[in-house]
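I have placed the structure first, in the form of structure tokens, so that the comments after it can refer back to it.
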Amino acid sequence: MSKAGPSLLRSTLFRAADTARRQDPQLARIYYQQMTERGATHLKACCVVAGHLAERAWTVLNRGTPYVICDTNGNPVSPAEARQIIAERWTVPEEVRKRRRSRKIAGKAPQAATTGPDRRGDLPRPRSSPRDRRVVKPASPNQT
């Protein structure tokens, strides 16, 4: 899913994809493969599912047919059977989720996490260039 288009539509599709992957075995399979085989984070995997969900929504609206939940073989299943299939086959293990989690410093933007002395708002550092090390010669007794 690209950043093109209205942000409200993208965020709505993302949230719908996160919900749909828990109810549709085919979308759960896509999410599972992204997380376990392709090394995607939750965010990226949900964006991939959102792209598939958008295509399905377009097809359903274009054909004028109802959305039917199917197993990974294409056979229609009930919502209870779908949740059971997802729980048995397409649930991402917690160990994989832990590996895929972000390693950013919590609560800090990447540019604010540095502790270098050149941050904005700090006092200027003293110069150490040779031109600032002027040697002051003592006045000679002849000069008045």
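Percent relative contact order of region 1-91, based on C-alpha pairs within less than 8 angstrom and at least six residues apart?
Values: 87 pairs, mean separation 32.5, N = 91.
Relative contact order here is 36 percent.
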For this session: Quick one: which residues, 5+ away or cross-chain, put their amide H under 5 Å from the amide H of Cys70? H built at 1.01 Å from N.
Result: Gln26, Val77
Problem set entry | Those GluC sites (Glu not before Pro) in region 32-98 that DSSP places in a loop and that have at most 11 other beta carbons within 10 Å | Glu37
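Every number here is computed from the coordinates shown, using simple stated rules; none is lab data. These figures come from a predicted structure and were not determined experimentally. Using ideal geometry, Cβ is built from the backbone for each residue, glycine included, and neighbour counts are taken over all protein chains shown.
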